[in-house]
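Engineer: Submitted below is the structure of interest, expressed as structure tokens.
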């Protein structure tokens, strides 16, 4: 097992159009299904949002969660869509094939700051850099961008409290991380209050086991927001991971998880694709709503 360290793990997206979104991730972004899990009731740490019903978690990415930053897709069976705010600004991916695949399959491609931009069926943005990722240790996902209402306050939180290093700052943008070889956090000062709406996500980090309780104590001592106090989250048949959920000054949700336990939990499941495909085939929620003369509610 790899050495436990501080590292970014994944970003959580809530999705309502599971079939269409999974197709986008597979066929356009070229990602693979790493794990898939179904749950009958809501997560104690609100991993699926503030919902109590049946939901699923799909981990998807380009490689092992031991080495690379990935995406967590949470799907609540009774919810068809989520309102987007201005909080999440995109994932930056290096690829020489994604844009061409998108055009071939009829997905719109726009331009933003000399980058190609795609939007998945559930409304999340992907910034594509036309560059090969060959030889990279961090994988194709290079950065996750979050909006800040006050860059100075955000930088104080992420460096002094979360322990990140500021690698680069230009105007209203800053790039931070625990290592330059890892996927990095981009903060962008948008000059206005941050609205998380109902599609709000969560960034997860792995920390050495003894550091997670220490992080909770630090956040409490600094009067920061604790969303979920230290709690152990069991996954049936897999490892139990201890986490604490906090919020930064703009209320971005942050999960600090015990890295040693997460490495056991996140072992690649060779049956993941089959499990997901079966779950999608068995999902009759759209049909149920249609019989009632309704469509799935927006969160």
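Here, each number is a calculation from the coordinates, and none is a lab measurement. Small disclaimer: the values here were computed from a predicted structure and weren't measured. All Cβ positions, even for glycine, are placed from backbone atoms using ideal geometry, and neighbour counts span all protein chains on display.
Engineer: Which of 171, 63, 90 moves the most in a Gaussian network model of the chain with Cα springs under 10 Å?
Structural biologist: Comparing 171, 63, 90 in the GNM, the peak value goes to 171.
Engineer: Could you give the distance between the Cα centres of segment 78-110 and segment 129-169, to the whole Å?
Structural biologist: Each part reduced to its Cα centre gives a spacing of 19 Å.
Engineer: For the chain, set up a GNM with springs between Cα atoms under 10 Å and report which of 211, 220, 168 has the largest fluctuation.
Structural biologist: Its mean-square fluctuation being the largest, the pick is 168.
Engineer: Quick one: grab the alpha carbon gyration tensor of segment 197-246, order the square roots of its eigenvalues as a ≥ b ≥ c, and give me rounded if a/c is under 1.5, else prolate or oblate depending on whether a/b is larger than b/c.
Structural biologist: Details: a/c = 2.19, a/b = 1.16, b/c = 1.89.
Because a/c hits 1.5 or more and a/b fails to exceed b/c, segment 197-246 counts as oblate.
Engineer: Provide 14, 23 in ascending order of the number of other Cβ atoms located within 10 Å of each residue's Cβ, fewest first.
Structural biologist: The most exposed by this proxy come first: 23, 14.
Engineer: Using r as the Cβ-Cβ distance of residue 115 and residue 153, and R0 as 22 Å, what FRET efficiency do you calculate, to the nearest 0.05?
Structural biologist: Step by step, r from the Cβ atoms, then E = 0.25.
Engineer: Follow-up. Once you put a point 7 Å from the Cα of residue 239 and another 7 Å from the Cα of residue 287, both along the Cβ direction, what distance in nm separates them?
Structural biologist: Each label point lies 7 Å from its Cα, and together they span 3.9 nm.
Engineer: Tell me the relative contact order for the chain as a rounded percent, counting alpha carbon contacts under 8 Å between residues six or more apart. Intermediate results must be reported in sequence, preceding the final value.
Structural biologist: Details: 652 pairs, mean separation 66.0, N = 299.
Relative contact order for the chain comes out at 22 percent.
Engineer: For the chain, what is the calculated [θ] at 222 nm in deg cm²/dmol (nearest 500), taking -39500 (n - 2.57) for each run of four or more DSSP H residues and dividing by its residue count? Kindly include the intermediate steps, with their values, before the conclusion.
Structural biologist: On the way: 7 runs with 54 residues, N = 299.
Estimated from H runs of four or more residues: -5000 deg cm²/dmol.
Engineer: Determine the percent antiparallel among the DSSP beta bridges restricted to segment 9-291, to the nearest 5.
Structural biologist: 70
Engineer: Hey, another quick one. Which distance in nm do the two modelled labels at residue 297 and residue 46 give, with both placed 7 Å along the Cα-to-Cβ direction?
Structural biologist: 1.7
Engineer: Specify whether the C-alpha gyration tensor of segment 9-291 places it in the rounded, prolate or oblate class, a ≥ b ≥ c being the square roots of the eigenvalues: rounded for a/c under 1.5, otherwise prolate if a/b is larger than b/c and oblate if not.
Structural biologist: rounded
Engineer: Let me ask something else. How many angstrom lie between the Cα centre of segment 227-253 and the Cα centre of segment 1-61?
Structural biologist: 15
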